[in-house]
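The values are calculated or read from the model by the stated rules, or taken from the named source; none is laboratory data. Bear in mind that the values here come from a model prediction, so they are computed numbers and not experimental data. As a convention, Cβ positions derive from the backbone with ideal geometry for all residues, glycine included, and neighbour counts pool all protein chains shown.
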Amino acid sequence: MCRPIRCRLPRTPGDAVRLDSEVAGGHELLVARSQAAELAAQLGTDAVGVRAWEALRIAAGVPRIGVDTDDRTIPNEIGLYGTHLEKGCYRGQETVARVHTLGRPPRRLTLLSLDGSDAELPAPGTPVSLEGRRVGVLGSVAMHHEDGPIALALLRRATPPDAVLDVAGTAAGQELLVDPEVGLHVRPIL
């Protein structure tokens, strides 16, 4: 169970690094493995490893750049809307302006719930298809402690949100993270 914690960490350099996060109740503590059990006991919580954190990150819908994105990904596709349209020149400005003008990004980040009957998880990069047609690609994949096998995927915007998808022979349901109609009703005021 993830819950926010308030604590006073030792100030000795190297003991712990505290990060603000959208995962695990708002904060993460990175510590040496040798210190994890003692610090967790002091805080009244459980220490978890990278695999557990990855599962929580995926369930929270937080993409990892380079795994859940590719070289064509634009901010609107993964739920980042902080791009300023009146700022000076920047890389990708034309693409962002086109999405603003047309109203919608071409793809959307989606949380997939995979059928748990297969013991093996599909690999990142596995194609996601609907009725034999490729509609996206799988990103991060993990076994969540409550939700079972889950993944993030970049899908074509036109993919029906209620469709059951296929990931290497495994059925996958969708949970929208980025509204497929995002540009039609969420537009910055210029």
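Worth a mention:
- Residues (among the small types (G, A, S) and either under 16 Å from the mean Cα position of the chain (by Cα) or at negative phi (or both)) located in the range 113-141: S113, G116, S117, A119, A123, G125, S129, G136, G139, S140
- Taken as a whole, the structure leaves E77 outside the set of residues that are within 22 Å of P161 (Cβ to Cβ), surrounded by fewer than 15 Cβ atoms within 10 Å (Cβ to Cβ) and either in contact with a strand residue (DSSP E or B) (Cβ under 6 Å, 6 or more places away or on another chain) or at pLDDT 90 or above (or both).
- Meets criteria (among the basic types (K, R) and more than 22 Å from V62 (Cβ to Cβ)) for R107: no
- Each residue in the range 144-180 was checked for being among the hydrophobic types (A, V, I, L, M, F, W, C) and buried (at least 17 other Cβ atoms within 10 Å of the Cβ), and 11 of them qualify.
- Tabulated pairs, the range 159-175, first touching a residue at least 60 places away in the same chain (Cβ under 8 Å) and of a type in the set (S, T, N, Q), second surrounded by fewer than 19 Cβ atoms within 10 Å (Cβ to Cβ) and outside any strand (DSSP E or B), C-beta under 9 angstrom, 6+ apart or interchain: Q174/P160; Q174/P161; Q174/D162; Q174/A163; Q174/V164
- Selection within the range 28-64 - part of a helix (DSSP H, G or I), among the aliphatic types (A, V, I, L, M) and exposed (fewer than 14 other Cβ atoms within 10 Å of the Cβ): A37, A41, V50
- Residue match in the range 96-104 (condition: assigned to a loop (DSSP other than H, G, I, E, B) and at pLDDT 80 or above): no
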